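A.B. asks: Before I ask anything, here is the structure I am working with.
The values are calculated or read from the model by the stated rules, or taken from the named source; none is laboratory data. For clarity, every value in this text was computed on a predicted model and none was experimentally measured. Reconstructed Cβ throughout: ideal geometry from the backbone, glycine too, with neighbour counts over all protein chains shown. Accessible surface areas use protein heavy atoms only, side chains included; no ligands, DNA or RNA. Shrake-Rupley method; radii C 1.70, N 1.55, O 1.52, S 1.80 Å.
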Amino acid sequence: DVFIEIAEDCGQIGVLGQSILRQAIAAALDWDSRYTISFNISPLQFQDPRLVHQIEEALESSGFDPRRLIVEVTENSVIHDFSVARAKLKDLKKLGVAVALDDFGTGYSSLSYLKRLPVNVLKIDQSFVRDVITDQDDAALTKAIIAISHNLSLEVVAEGVEEQAQLDFVRDHGCDYVQGY
């Protein structure tokens with residue numbers, strides 16, 4: 001968290017992000033084609049009007065299959081200027097990459113925004129998953145987010161799953177994937 005904040009503050013997050021994306025793609029070229037890579041875009045990087053072009057260029061120059069790339073943007077990134085963000089996400093999807101909405105539930109979650117966003121994956125923030133066994137509200141919200149996501153034909157990732165009871169809970173309620181912290 002500190003490193004990314006410093007990179008954003010000094011204006012280097014775009015250069016750094018582009019370099020990391022190219023390195024990740026180069027490494028993934030040697031992997032079995034069933035595997036994908038997820039690439040987090042910082043909120044500041046998401047605001048860069050050149051972002052889609054940079055991702056397209058990285059894919060084309062490497063020959064990497066865009067269907068093997070998942071671009072992750074935080075919920076807060078898309079809320080600031082929804083129409084611009086929505087257009088950018090549509091452009092990313094036109095490239096053939098999947099789009100994941102990260103940290104869902106921590107910002108100004110709006111179901112009307114969610115239904116209009118061109119995303120493939122919804123990632124439930126770890127703040128809900130952490131106490132899903134001991135907090136009835138977190139359990140109810142997590143179950144509801146999974147159900148809503150599936151009804152919108154989205155895949156769901158529960159973030160911050162680190163205990164067997166958490167895994168059992170999200171698995172029992174149909175979560176597609178889990179991720180540790």
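A.B. asks: Looking at (1) modelled with pLDDT of 90 or more; (2) closer than 24 Å to GLU159 by Cα, find the lone condition where PHE64 falls short.
C.D. replies: (2)
A.B. asks: Related question: Does segment 101-110 contain any residue that is open to solvent by 20 Å² or more (accessible area, probe 1.4 Å), under 19 Å from LEU154 (Cα atoms), under 11 Å from the mean Cα position of the chain (by Cα) and charged (D, E, K, R)?
C.D. replies: Yes, because at least one residue in segment 101-110 is open to solvent by 20 Å² or more (accessible area, probe 1.4 Å), under 19 Å from LEU154 (Cα atoms), under 11 Å from the mean Cα position of the chain (by Cα) and charged (D, E, K, R).
A.B. asks: Within segment 6-17, can you find the residues that are over 17 Å from the mean Cα position of the chain (by Cα) and closer than 14 Å to ASN40 by Cβ?
C.D. replies: The initial filter retains those residues of segment 6-17 that are over 17 Å from the mean Cα position of the chain (by Cα), namely 6-16.
Hits for segment 6-17 are ALA7, GLU8, ILE13, GLY14, LEU16.
A.B. asks: I'd like the full set of residues that are open to solvent by 50 Å² or more (accessible area, probe 1.4 Å) and assigned to a helix (DSSP H, G or I), limited to segment 127-144. Please lay out each step first, then the result.
C.D. replies: Filtering segment 127-144 down to residues open to solvent by 50 Å² or more (accessible area, probe 1.4 Å) leaves 130-131, 133-137, 140-141, 143.
Listed by number, the residues that qualify are GLN136, ASP137, ALA140, LEU141, LYS143.
A.B. asks: Kindly establish whether VAL161 is in contact (Cβ under 8 Å) with a residue 40 or more places away in the chain and either in contact with a strand residue (DSSP E or B) (Cβ under 7 Å, 6 or more places away or on another chain) or under 21 Å from ARG67 (Cβ atoms) (or both).
C.D. replies: On the way: in contact (Cβ under 8 Å) with a residue 40 or more places away in the chain: no; either in contact with a strand residue (DSSP E or B) (Cβ under 7 Å, 6 or more places away or on another chain) or under 21 Å from ARG67 (Cβ atoms) (or both): yes.
Criteria not met by VAL161.
A.B. asks: While we're looking at this one, here's another question. Please determine, by comparing only the residues of segment 92-126 that are modelled with pLDDT under 90 and part of a helix (DSSP H, G or I), which one is nearest to VAL178 (Cα to Cα). Steps first, answer last, please.
C.D. replies: Here is the first cut: in segment 92-126, the ones modelled with pLDDT under 90 are 103-116.
Subset that is part of a helix (DSSP H, G or I): 111-116.
Values: LEU111: 22, SER112: 25, TYR113: 24, LEU114: 21, LYS115: 23, ARG116: 25 Å.
The qualifying residue nearest to VAL178 (Cα to Cα) is LEU114.
A.B. asks: Given (1) in a helix (DSSP H, G or I); (2) modelled with pLDDT of 95 or more; (3) surrounded by 13 or more Cβ atoms within 10 Å (Cβ to Cβ); (4) in contact with a helix residue (DSSP H, G or I) (Cβ under 9 Å, 6 or more places away or on another chain), where does HIS150 come up short, assuming only one miss?
C.D. replies: Here HIS150 clears every test but (4).
A.B. asks: If only one of SER77, SER110 is over 24 Å from ILE37 (Cα atoms) and small (Gly, Ala, Ser), which one is it? Steps first, please.
C.D. replies: Values: SER77 fails: over 24 Å from ILE37 (Cα atoms).
Answer to the selection: SER110.
A.B. asks: Sticking with this structure for a sec: Of these, SER33, SER19, which one is more than 16 Å from THR74 (Cβ to Cβ), free of Cβ contacts under 8 Å to residues at least 24 places away in the same chain and either open to solvent by less than 50 Å² (accessible area, probe 1.4 Å) or not acidic (Asp, Glu) (or both)? Talk me through it step by step, then tell me what you get.
C.D. replies: Details: SER33 fails: free of Cβ contacts under 8 Å to residues at least 24 places away in the same chain.
Only one candidate passes the filter, namely SER19.
A.B. asks: Related question: Hey, can you tell me all the residues within segment 37-80 that are open to solvent by 80 Å² or more (accessible area, probe 1.4 Å) and not in a helix (DSSP H, G or I)?
C.D. replies: The first filter runs over segment 37-80 and keeps only residues open to solvent by 80 Å² or more (accessible area, probe 1.4 Å), leaving 40, 47, 49-50, 53, 57, 60-61, 67, 80.
Within segment 37-80, ASN40, GLN47, PRO49, ARG50, HIS80 qualify.
A.B. asks: Starting from residues that are among the aliphatic types (A, V, I, L, M) and either in contact with a helix residue (DSSP H, G or I) (Cβ under 7 Å, 6 or more places away or on another chain) or outside any strand (DSSP E or B) (or both), keep the ones in segment 153-181 and report whichever is nearest to VAL99 (Cα to Cα).
C.D. replies: This residue is LEU154.
A.B. asks: For segment 1-24, give me each residue that is closer than 19 Å to VAL97 by Cβ and either touching a Leu at 6+ places or on another chain (Cβ under 7 Å) or polar (S, T, N, Q) (or both).
C.D. replies: Answer for segment 1-24, where residues must be closer than 19 Å to VAL97 by Cβ and either touching a Leu at 6+ places or on another chain (Cβ under 7 Å) or polar (S, T, N, Q) (or both): GLN18, SER19, GLN23.
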